[in-house]
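Structure first, then comments.
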Amino acid sequence: MKSIKVLVAGGGIGGLALAVALRERGIAVEVFERAKGFGNTGSGIELTPNGVKSVDRISARLGEAVRQAGWSSESHACDMPIMSSEGRLLKSREVGNFPAKWGAPMIGILRADLHRILADAVSRPGPAPVTVHHQSAVVGAATDGRTASLTLADGRTVTGDVAVGADGVRSTLRGIVAGNVPPRYLGFTSIRGISKRPPQHGDGFVFVGPGGHFFAEAFDDTRLFWTATVNSPEHVWPAKPVEQAKSDLLELWGGWSSPLPETVASCALEDMVVTDVHDCPPLKRYHTGRLVLLGDAAHPIGPVLGQGANMALEDVATLACLLAEQDIPAALRQYGRVRSRRANKIVQHSRLLARLGHTTNPLVGRIRDALISSMKRREDTYRDKELFSYSP
């Protein structure tokens with residue numbers, strides 16, 4: 001056991017995954033989460049091969065649990081179609097060969113199920129202790145170069161050897177580590193839901209059309225999760241009652257090709273979540289002293305590439321391994337170099353694709369569709385080199 005203690009601000013997927021990874025490597029962890037408990041929130045997550053390999057690196061047992069709880073691309077009966085709003089096939093996403101091609105499958109899993117798996121994992125006995133403190137919002141942090149401390153909303157201060165900001169897109173620690181870098185609105189809202197698998201394209205499908213993007217993926221034998229991203233001024237859609245958001249989405253996109261309208265229509269109101277989408281400019285640094293950032297605290301990203309959770313899991317696997325193998329200053333320096341170079345590039349690429357994907361200009365839309373139809377070789381090269389082939 002390495003005799004250090006790591007403090008983690010945030011008990012989301014990144015924070016709990018880090019607790020599991022460090023505990024497996026004999027490092028003690030305390031997690032501070034503002035919420036009273038772990039709720040059943042959110043829709044689904046597409047774990048792409050780089051994310052699945054990161055989970056395996058965190059813990060082989062965790063990798064097995066994720067595979068059992070989710071729906072693997074190896075189970076897909078056919079490729080995933082990417083279609084125009086009129087239903088014209090632009091290209092097919094070859095997913096069945098992911099393990100052979102990239103070393104791991106793609107797994108569709110509910111966010112709540114992944115969170116539950118992580119919470120169960122940190123509650124089990126292990127090589128080092130893990131303590132999760134609920135109703136413990138982090139409002140400040142400091143480092144003297146040899147230790148790190150977190151200040152809680154109730155006035156307490158806790159001290160450890162490293163403090164990690166896994167506290168999301170509106171991170172408290174980001175301002176301390178990297179200066180004033182507020183989130184920036186991407187110009188669209190994410191509407192997410194869970195629905196019955198339609199008879200057509202039940203394994204999953206993608207639509208691109210004027211002013212938006214729709215993605216759906218199965219997570220078990222009968223259901224799929226979906227995400228619709230809709231151009232809008234900030235705060236408009238989240239302010240709507242959920243029943244109005246559903247009605248407005250059907251009115252906006254009800255004329256798009258099947259199975260999009262029936263997929264949205266079959267979603268129960270309690271399974272819908274509406275949030276505005278933000279990223280932030282690339283950070284110049286991911287750590288200062290003994291304070292370090294991961295996940296959305298370091299590199300919030302839009303959903304276009306489906307890499308938010310995957311990038312956080314990459315961060316976790318990398319940081320945990322480095323802290324276990326190197327002294328703390330060297331580990332944090334290398335983590336910052338490795339992760340900022342990769343994550344910042346992917347965030348910028350995602351932002352560019354979001355602009356193209358959400359265009360309302362008919363000419364630009366036709367160019368976008370033509371690019372999708374003709375990009376198979378280039379897309380495979382990009383995903384191979386920059387996304388799916390990556391192993392932490």
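The values are calculated or read from the model by the stated rules, or taken from the named source; none is laboratory data. Predicted model only: the values in this text are computed from it and were never measured. Glycine also receives a Cβ, built like all others from the backbone with ideal geometry; neighbour counts cover every protein chain displayed. Just so you know, the surface numbers come from the protein's heavy atoms only, side chains and all, with ligands and any DNA or RNA stripped out. Shrake-Rupley method; radii C 1.70, N 1.55, O 1.52, S 1.80 Å.
So here's what we get for this one:
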{"item": "Subset of region 125-176 [basic (Lys, Arg) and over 27 Å from the mean Cα position of the chain (by Cα)]", "result": "ARG146, ARG156"}
{"item": "Tabulated pairs, region 56-72, first touching a residue at least 60 places away in the same chain (Cβ under 8 Å), second open to solvent by 90 Å² or more (accessible area, probe 1.4 Å), C-beta under 9 angstrom, 6+ apart or interchain", "result": "TRP71/ASP221"}
{"item": "Selection count, region 258-272, where residues are farther than 8 Å from GLY193 by Cβ, in a helix (DSSP H, G or I) and open to solvent by 30 Å² or more (accessible area, probe 1.4 Å)", "result": "4"}
{"item": "Region 93-113, subset more than 21 Å from the chain's Cα centre (by Cα) and part of a loop (DSSP other than H, G, I, E, B), residue surrounded by the most Cβ atoms within 10 Å (Cβ to Cβ)", "result": "GLY96"}
{"item": "Exclusive hit being within 30 Å of LEU323 (Cα to Cα) and open to solvent by less than 10 Å² (accessible area, probe 1.4 Å), set SER54, SER73, SER84", "result": "SER54"}
{"item": "Selected residue [open to solvent by less than 20 Å² (accessible area, probe 1.4 Å), at pLDDT 95 or above and either on the phi < 0 side of the Ramachandran plot or part of a loop (DSSP other than H, G, I, E, B) (or both)] from LEU90, LEU118", "result": "LEU118"}
{"item": "Residue list for region 1-40, filter: open to solvent by 10 Å² or more (accessible area, probe 1.4 Å) and of a type in the set (A, V, I, L, M, F, W, C)", "result": "MET1, ILE4, ILE13, ALA28, ALA35, PHE38"}
{"item": "Selection count, region 313-335, where residues are assigned to a helix (DSSP H, G or I) and open to solvent by 10 Å² or more (accessible area, probe 1.4 Å)", "result": "10"}
{"item": "Every pair of residues 6+ apart whose Cβ atoms lie under 7 Å, when the first sits in region 144-168 and is of a type in the set (Ser, Thr, Tyr) while the second is not in a strand (DSSP E or B)", "result": "THR147/ASP161; THR147/ARG290; THR159/THR147"}
{"item": "The listed residue being buried (at least 18 other Cβ atoms within 10 Å of the Cβ) and out of contact with any helix residue (DSSP H, G or I) (no Cβ under 8 Å at 6 or more places or on another chain), out of GLY295, GLY302, GLY306", "result": "GLY306"}
{"item": "Residues of region 152-165 satisfying the condition of being over 22 Å from SER3 (Cβ atoms) and open to solvent by less than 50 Å² (accessible area, probe 1.4 Å)", "result": "LEU152, GLY165"}
